[in-house]
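The values are calculated or read from the model by the stated rules, or taken from the named source; none is laboratory data. In this text the structure is predicted, and so the values were computed from the model without any measurement. Backbone-built Cβ (ideal geometry, glycine too); neighbour counts: all protein chains shown.
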Amino acid sequence: MLAKRIDKLSESITIAITALAQELKAEGKDILSFSAGEPDFDTPRVIKDAAIDAINNGFTKYTAVDGIPAIKEAVAAKLKRDNGLTYEPNQIIINNGAKHSLFNLFSVTIEKGDEVIIPAPYWVTYPELVKYFDGTVVEIQTSDATAFKITPEQLKKALTPNTKMLILTTPSNPTGAVYSKEELTALAKVLEGTDVLVASDEMYEKLIYDGDFTSAAAVSEDMFKRTITINGLSKSVAMTGWRFGYMASHHTEIIKATKKLQSQSTSNINTMTQYAAIAGLDGSADEDIEMMRKEFIKRRDEAVELFNKIDGLSVLKPDGAFYLFVNIQEVSNDSLGFAKELLASKGVAVVPGVGFGSEGYFRFSFATGIATIREGIKRIDEFVQELK
Ligand code: PLP
């Protein structure tokens, strides 16, 4: 009944943990979940009001496939103001979340024989989509010893005549690592003279706690041309359910091809979301963003301190995003088993590192209240001591 194509996608390993957590919750057990990939804050009022106004003003019909002119202008203005990037409206397309941007991008660029370089640990969706479109995944492993960042030497080694694309995620999910301008410049130098594309996923750009954020496309003219900048509003203004993402590329043919694909699949994204998103991009929600960022800093600092006091665990302080990638190698080299057992015995849900391509770690989301974080880490400590 099913097409073979769908067998190329595997279900996320986190589903095993999530299913188990739900089962236990249904049994009435006290479960603390740190597996969420979304902010625990509400969408800012100014954004909700913009959506309500759009509905009341009758903006409830189809729009242009690639987005209304006002939202494309808002994205262009944001990329100019925040990132120093100049894109014309025909170099931008609005998608149903950044996941959809990536799906579309890979769909129009990746084919059999193309190699896509993915630094690990990675966001789970990248390798799955690359495989779905018949590409070959080339992983570059990193660890906490190198702050979870790839080096120019590693990139050089991974390049072959078949390399089609490099995926960069800064700040990273699951590690929170952020590439500096100097680090991006050094990576960009390795790519000079090649026709490798760079997909730069900048979803967590607004959640930077130390240092500055630099867009990959901003480090040189050469890098600007080869980079597809991908971003959205799910994480920065807590709009996960609204479905708003976008991509921008110097190559108008990539945007045009994506528009064609979108015209025969989803059409435009939700019309009210487009109006609401303008308020998420034009600075109207900046105070809300700052409030969330400050709260995340407090949680990060306390959680890192508590984890590093646990005998047997260690964690780097992430520069961005809302995840800790905790090293468990002193006590376990089976992160899936560790996570399952932690959930079963202590009611604490974390995501095993193996799901992100890096064994010996778990991902802990601090997008949850501080009291829950304290209690969760206390239980993790008990669990680890019992393991030893
Ligand atoms: N990119 C990264 C690195 C993410 O962590 C996520 C969400 O978890 C996304 C993209 C997708 O975000 P959305 O599709 O909600 O815009």
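Data table
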{"read-out": "Filtered residues of the range 368-388 (kept if in a loop (DSSP other than H, G, I, E, B) and under 16 Å from SER314 (Cα atoms))", "value": "LYS388"}
{"read-out": "Lone unmet requirement of (1) surrounded by fewer than 17 Cβ atoms within 10 Å (Cβ to Cβ); (2) within 17 Å of THR368 (Cβ to Cβ) for GLY337", "value": "(2)"}
{"read-out": "Failed item in (1) under 24 Å from TYR204 (Cβ atoms); (2) part of a helix (DSSP H, G or I), with SER358 passing the rest", "value": "(2)"}
{"read-out": "Residue within the range 181-197 that is among the hydrophobic types (A, V, I, L, M, F, W, C) and within 16 Å of the ligand (Cβ to nearest atom) present", "value": "no"}
{"read-out": "Flag if ALA285 is within 15 Å of the ligand (Cβ to nearest atom), of a type in the set (A, V, I, L, M) and under 22 Å from the mean Cα position of the chain (by Cα)", "value": "no"}
{"read-out": "All positions within the range 17-40 that are over 30 Å from LEU233 (Cβ atoms) and in a helix (DSSP H, G or I)", "value": "LEU20, GLU23, LEU24, ALA26"}
{"read-out": "Residue count for the range 97-116, restricted to those that are within 16 Å of the ligand (Cβ to nearest atom) and of a type in the set (Val, Ile, Thr)", "value": "1"}
{"read-out": "Test: residue in the range 250-259 that is within 16 Å of the ligand (Cβ to nearest atom) and not in a helix (DSSP H, G or I)", "value": "no"}
{"read-out": "Some residue of the range 319-333 being touching a Phe, Trp or Tyr at 6+ places or on another chain (Cβ under 7 Å), part of a helix (DSSP H, G or I), surrounded by 17 or more Cβ atoms within 10 Å (Cβ to Cβ) and among the aromatic types (Phe, Trp, Tyr)", "value": "no"}
{"read-out": "Among the candidates LEU105, LEU85, residue that is in contact (Cβ under 8 Å) with a residue 40 or more places away in the chain, among the aliphatic types (A, V, I, L, M) and not in a loop (DSSP other than H, G, I, E, B)", "value": "LEU105"}
{"read-out": "Residues being of a type in the set (A, V, I, L, M, F, W, C), surrounded by fewer than 15 Cβ atoms within 10 Å (Cβ to Cβ) and in contact with an Asp or Glu (Cβ under 8 Å, 6 or more places away or on another chain) - total across the range 361-376", "value": "1"}
{"read-out": "Residues (in a loop (DSSP other than H, G, I, E, B) and crowded, with 22+ Cβ neighbours inside 10 Å) located in the range 151-185", "value": "THR170, PRO171, SER172, ASN173, PRO174, THR175, GLY176, ALA177, VAL178, TYR179"}
{"read-out": "Residue in the range 119-161 that is farthest from the chain's Cα centre (by Cα), counting only those that are farther than 21 Å from SER180 by Cβ and of a type in the set (D, E, K, R)", "value": "LYS157"}
{"read-out": "Some residue of the range 294-308 being of a type outside the set (A, V, I, L, M), in a strand (DSSP E or B), modelled with pLDDT of 95 or more and within 20 Å of the chain's Cα centre (by Cα)", "value": "no"}
{"read-out": "Residues of the range 3-16 satisfying the condition of being in a helix (DSSP H, G or I) and at pLDDT 90 or above", "value": "LYS4, ARG5, ILE6, ASP7, LYS8"}
{"read-out": "Output for the range 147-180, where each listed residue is within 16 Å of the ligand (Cβ to nearest atom) and within 20 Å of LYS131 (Cβ to Cβ)", "value": "MET165, LEU166, ILE167, LEU168, THR169, ASN173, PRO174"}
{"read-out": "Residues of the range 162-193 satisfying the condition of being on the phi > 0 side of the Ramachandran plot and within 19 Å of the chain's Cα centre (by Cα)", "value": "GLY176"}
{"read-out": "Selection from the range 207-237 of residues that are within 13 Å of the ligand (Cβ to nearest atom) and assigned to a loop (DSSP other than H, G, I, E, B)", "value": "LEU207, LEU233, SER234, LYS235, SER236, VAL237"}
{"read-out": "First in the range 169-193 and aromatic (Phe, Trp, Tyr), second anywhere and assigned to a loop (DSSP other than H, G, I, E, B), Cβ under 7 Å, 6 or more apart", "value": "TYR179/LYS149; TYR179/THR170"}
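Yes/no matrix, rows are residues, columns are (1) of a type in the set (Asp, Glu); (2) at negative phi; (3) crowded, with 16+ Cβ neighbours inside 10 Å; (4) in contact (Cβ under 8 Å) with a residue 60 or more places away in the chain:
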site: ILE6; (1), (2), (3), (4): no, yes, no, no
site: SER12; (1), (2), (3), (4): no, yes, no, yes
site: ALA26; (1), (2), (3), (4): no, yes, no, no
site: PHE34; (1), (2), (3), (4): no, yes, yes, yes
site: ASP42; (1), (2), (3), (4): yes, yes, no, yes
